[in-house]
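Chemist: Pasting in a structure now, in structure tokens, and then I'll have a few things to ask.
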Amino acid sequence: MAGLSLYFEDSHDDLDDFGFDDYGSECDGIRITAFLDAGQDNLTPLGRLEKYAFSENVFNRQIVARGLLDVLREFSDNENDFISVMETVARMSEDGEPTVRAELMEQVPNIAMFLHESQPNFPAAFSRYLVPIVVHYLTDPNNQVRKTSQAALLVLLEQGLICKGDMETKVCPVLLDLTEPSSDDDYKIEAVAIMCKLVTMLSKETVEQLLQRFCELCSDARLFQVRKVCAANFGEFCSIVGRDATEKLLMSKFFDLCSDSLWGIRKACADCFMIVSNSTSPEVRRTKLSPLFSSLISDQSRWVRQAAFQSLGRFISTFANPSSTGLYFKEDGTLLEVPTCPSDSNSPLCIESSNGPTVRPSHTPINQDGRSTPSLESMSRGNSGSDSTHTPPQNQHEGQARNNNNIPPTNNINKETEQTDQNFNSFLYWRPPLVDISQELEMLKGQGPLTRTEGEKEEEVVVSSLDPATCFQIQKVLDCLQPHMDDPDVQAQVQVLSAALKAAQLESQSEEEGQSESQSEEEGGSESQTPEGGEPDEESSQNRVETQTPEPPTQQAKDPAPTEEQKEAEAETEKEPEPYESPPNSPVLVREDSDHSSVEPELMESLEGKEDSAFNQVCEEKSKVQNVIPQQLLDQYLSMTDPAQAQTVDTEIAKHCAFSLPGVALTLGRQNWHCLKDTYETLATDVQWKVRRTLAFSIHDLALILGDQLTAADLVPIFNGFLKDLDEVRIGVLKHLYDFLKLLHAENRREYLYQLQEFMVTDNSRNWRFRYQLAEQLILIMELYSHDDVYNYLRQIALTLCSDKVSEVRWISYQLVVEILRKMYACGAHELGLNFSNELIVRFCHCPKWVGRQAFAFICQAIVEEDCMPMDQFAQHLLPSLLSLSLDPVANVRVLVAKALRQSVMEKAYFKEPGSAYLEELEETVMTLQADKDRDVRFFASLDPDMVLMDTSALI
């Protein structure tokens, strides 16, 4: 402290008057306002403040600036003195020394907080004195002062200490002046940065005032730093100004920034792409932003491609529509189902039609604009095949005519439709699952030679699967969708459904024409072949029978009527079947010694093999096709698991793919899970444990998105693999074990009872948090199993955890034991509850270690407080053992016994009744504890239960 006088060395001042001479070296600190104390100069405190605030010694002025908050508190009782201090602060802000101005600016946020708390006394002091100082320092020539003022301004905005009027009238005009084209480069760069940071804290009206200037700065051709700052904060501007301003004013600037010559600017655009996409309409997102993002992914700079791939999953998630997915993410990341309208739940689930029962959706989803969209769950699975058609929407009345012309479907197709309807879920909304046409192809093989392409086969199956009831429902849906044609998603739905109806109508018309022509030919042929006697001969009757044999509707519609020669040839073939001989140019080679009857099966097998291979090839090409997002984006996302991408783009690209996969799956919906299935399996077997860990932490969300059927088929095997992985991966599964198990069926869920014991084994025994997390999850999953399963499997794990070396694990495990007892008695299994109580007595009450006996006292207290078992059962089986611990030689055990008896047991009405058989014994035990030799035991035995009690969990 001897050198302190050097900081206040002033030839015109007496050091004794400053007030620091009263503090010796033994003091921990110095009161900065000590210079206000009375001294030999006979000056008032305000005069002394004036003296040192404008001293010629720079260090004196720094000390005054540093202690302004304490000075204001000293003079806050007198309004006139307080105003005088604020005027002194205003004059100090014009100090010529930059360090003084920087010290003053560092105190402004603290002073502002003090003034905010004292606002009733000084309502306008901050706006009148301090805001002008902050704004003035934004243009200070010293760099340190400017940076300090910018930081102070941000703090003031974050804390809400500066009013909207001051921002609009004092701060924004200065920022606009500093961003003028003629402004200094340093000032402009700093002003752009502070303006972009202020955007998130300003109102929409204020941001619109800065929007025009921001657009000009995005096109600044001279300073790339300005463009880079604008690109980095482009998303914040879009989210504030809204969709209209973004699409009209900012979208063109964003395109220019994405094609900037500097890779750093393009990288900044890739980082904020998701926020920009959220601020645009679905049409702009699909038609403009998607190609733009693809250009960033294929950028020549590796750093731009890396940022683009990291943002790819987030960008895809902006295509998600809660009305079609049925789920949405909250701000905290929780995945929830979209609430449904209660009135829709009263609608009938099934109605009778002419062709049998037709499933109706239980509720209708809600579009983004709040309108209700009918569900198409009643559509047969053939409707999904019409997604690939691009026929423009037809007139609505054509669907009504289609209902009258549609042929009845076969029983086989009806069964398939009913089976598909059972697999539908309200979660799917209007999108049907991927069509499976394998059975339809087998049907078509027996209907004659196939001369059509695969696309025509698929369309034929689609048309033949539509029954009149389904067509009527499709037409009804089209009528409901017509008023909402401004939504691109609705337009896509209308296009798909109209194409299906149009194809069905054309097929029905051609079928009727073919049938009428066939009948007319048959009548004409019969008349010409009948002899004069009126009796037809045997050959003509056979021809007529052969002609009347029903053919496939599509074949009848396209093939012309058979001629007389063809009829005769067919009749002769029917009369005298000859052994089949292979023609010389036959593709099937037949051995001379082989049986001719084996040639036909070989030929059919060869044809079927070719058809199956062609069908598999088409299915493989179409397995990754969907219509929710642009296909190019999905292909780029699926390529993130390519090992070449890790070498050329980013070594962590697989981790980014795994991190965003739940969002992509939510966007595509469970009906398009086949697009992501292979990618998910590849990530689940990645060599990097960080990738597998990321999937493990999100597998419960993915299970909620996919539903129980897909979860059991595709996620359960991967989940089982994670259970045997490293602890870093297993913790992700364990942390959300309850969330995953509750989505499984009871029979699948029960299989994991045998594997819960495996969580007790860890790679590192000191990883106690793993066991703590297990105890927490066991408390939750207890409701998923029966009391017998809980007793047989969870009981032993709970008892083992109660003996853990770490107290935190034991603490949560005692709660687990209490919940198991509650489960036993709540389910009426009193015998199992009694057995468990006896086991607790043997294991803990008679434990040779005092920690076990102490645990028994705590468990008894928790049982009584939470009413886990009837009090008569507790008094009969557990209370005698608890009372015996009142004589335990360890004081820590008696402390918990005294606390349990005094605070919990004796407060129950069952024990407080005058006629209670246990009241006298309880009172005697408590009196004994009140006279205990240990002070803490006496304290808890005598303490009033209504008083605020100290936490004794640290003793366990």
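The values are calculated or read from the model by the stated rules, or taken from the named source; none is laboratory data. These numbers were taken from a predicted model, which means no experiment stands behind them. Note: ideal-geometry Cβ built from the backbone for every residue, glycine included; neighbour counts use all protein chains shown.
Chemist: Scan the range 682-699 residue by residue and report those that are within 22 Å of LEU336 (Cβ to Cβ) and out of contact with any Lys or Arg (no Cβ under 9 Å at 6 or more places or on another chain). Spell out how you get there, then give the answer.
Modeler: In the first step, residues of the range 682-699 are kept if they are within 22 Å of LEU336 (Cβ to Cβ); the result is 694-699.
Those that are within 22 Å of LEU336 (Cβ to Cβ) and out of contact with any Lys or Arg (no Cβ under 9 Å at 6 or more places or on another chain): LEU695, SER698, ILE699.
Chemist: Taking into account only those residues within the range 807-826 that are of a type outside the set (Ser, Thr, Tyr), more than 34 Å from the chain's Cα centre (by Cα) and over 14 Å from CYS860 (Cα atoms), which is surrounded by the most Cβ atoms within 10 Å (Cβ to Cβ)?
Modeler: Checking each candidate, the answer is MET824.
Chemist: Name the single residue that is farthest from LYS253 (Cα to Cα) among those in the range 167-199 being part of a loop (DSSP other than H, G, I, E, B) and either touching a Leu at 6+ places or on another chain (Cβ under 9 Å) or not assigned by TED's automatic domain parsing to the domain that holds GLU247 (or both). Spell out the reasoning first.
Modeler: Residues of the range 167-199 part of a loop (DSSP other than H, G, I, E, B): 179-184.
Next cut, either touching a Leu at 6+ places or on another chain (Cβ under 9 Å) or not assigned by TED's automatic domain parsing to the domain that holds GLU247 (or both) only: 179, 184.
On the way: THR179: 17, ASP184: 23 Å.
The qualifying residue farthest from LYS253 (Cα to Cα) is ASP184.
Chemist: Identify, from the list PHE759, PHE740, PHE722, the residue that is under 26 Å from GLN310 (Cβ atoms) and among the aromatic types (Phe, Trp, Tyr).
Modeler: PHE722
Chemist: Right, another one. So GLU776 clears everything in (1) buried (at least 19 other Cβ atoms within 10 Å of the Cβ); (2) closer than 18 Å to ARG810 by Cα except one condition, right? Which one?
Modeler: If we test GLU776 against (1) buried (at least 19 other Cβ atoms within 10 Å of the Cβ); (2) closer than 18 Å to ARG810 by Cα, just (1) comes out false.
Chemist: Any residue in the range 707-718 that is touching a residue at least 60 places away in the same chain (Cβ under 8 Å) and under 22 Å from the mean Cα position of the chain (by Cα)? Spell out the reasoning first.
Modeler: Of the residues in the range 707-718, the ones touching a residue at least 60 places away in the same chain (Cβ under 8 Å) are 707, 709.
If we keep only those that are under 22 Å from the mean Cα position of the chain (by Cα) as well, we get 707, 709.
Yes, the conditions are met somewhere in the range 707-718.
Chemist: For ASP271, only one of the following conditions fails: (1) over 25 Å from GLN631 (Cβ atoms); (2) out of contact with any Ser or Thr (no Cβ under 6 Å at 6 or more places or on another chain); (3) buried (at least 16 other Cβ atoms within 10 Å of the Cβ). What is its number?
Modeler: (1)
Chemist: So in the range 908-937, with the set limited to residues that are more than 19 Å from ILE863 (Cα to Cα) and either hydroxyl-bearing (Ser, Thr, Tyr) or outside the structural domain of CYS868 (by TED's automatic domain parsing) (or both), which one is modelled with the lowest pLDDT?
Modeler: So, considering only residues that are more than 19 Å from ILE863 (Cα to Cα) and either hydroxyl-bearing (Ser, Thr, Tyr) or outside the structural domain of CYS868 (by TED's automatic domain parsing) (or both), the one modelled with the lowest pLDDT is SER916.
Okay, residues lined up against (1) under 16 Å from LYS655 (Cβ atoms); (2) out of contact with any His (no Cβ under 6 Å at 6 or more places or on another chain); (3) basic (Lys, Arg); (4) surrounded by 15 or more Cβ atoms within 10 Å (Cβ to Cβ):
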| position | (1), (2), (3), (4) |
| --- | --- |
| ASP686 | yes, yes, no, yes |
| LEU706 | no, yes, no, yes |
| TYR738 | no, yes, no, yes |
| LEU744 | no, yes, no, yes |
| TYR754 | no, yes, no, no |
| ASN764 | no, yes, no, no |
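Chemist: If PHE126 passes every condition in (1) among the hydrophobic types (A, V, I, L, M, F, W, C); (2) at pLDDT 85 or above; (3) buried (at least 21 other Cβ atoms within 10 Å of the Cβ) but one, which one does it miss?
Modeler: (2)
Chemist: If we keep just the residues of the range 163-220 that are of a type in the set (Lys, Arg) and without any contact (Cβ under 8 Å) to a residue 40 or more places away in the chain, which is surrounded by the most Cβ atoms within 10 Å (Cβ to Cβ)? Full working, then the answer.
Modeler: Taking the range 163-220 and keeping what is of a type in the set (Lys, Arg), we get 164, 170, 188, 197, 204, 213.
Now restrict to residues that are without any contact (Cβ under 8 Å) to a residue 40 or more places away in the chain: 170, 188, 204, 213.
Details: LYS170: 17, LYS188: 22, LYS204: 11, ARG213: 17.
Checking each candidate, the answer is LYS188.
Chemist: For the range 155-200, give me each residue that is under 20 Å from LEU104 (Cα atoms) and either basic (Lys, Arg) or at pLDDT 85 or above (or both).
Modeler: VAL155, LEU156, LYS170, VAL171
Chemist: Say we look at the range 129-153 and pick out the residues that are part of a loop (DSSP other than H, G, I, E, B) and touching a residue at least 12 places away in the same chain (Cβ under 8 Å); which of these is surrounded by the most Cβ atoms within 10 Å (Cβ to Cβ)?
Modeler: LEU138
Chemist: Anything in the range 83-101 that is closer than 17 Å to LEU49 by Cα and assigned to a loop (DSSP other than H, G, I, E, B)? List them, or say none.
Modeler: SER93, GLU94, ASP95
Chemist: Right, another one. Go through the residues of the range 740-750 one by one and say whether even a single one is more than 30 Å from LEU710 (Cβ to Cβ) and in contact with a helix residue (DSSP H, G or I) (Cβ under 6 Å, 6 or more places away or on another chain).
Modeler: The answer is no, given that none of the residues of the range 740-750 is more than 30 Å from LEU710 (Cβ to Cβ) and in contact with a helix residue (DSSP H, G or I) (Cβ under 6 Å, 6 or more places away or on another chain).
Chemist: With a cut-off of at least 3 residues that are farther than 25 Å from PHE315 by Cα and either touching a helix residue (DSSP H, G or I) at 6+ places or on another chain (Cβ under 7 Å) or not aromatic (Phe, Trp, Tyr) (or both), name the helices (runs of 4 or more DSSP H) lying wholly within the range 647-736.
Modeler: Answer list for the range 647-736: 716-723, 727-735.
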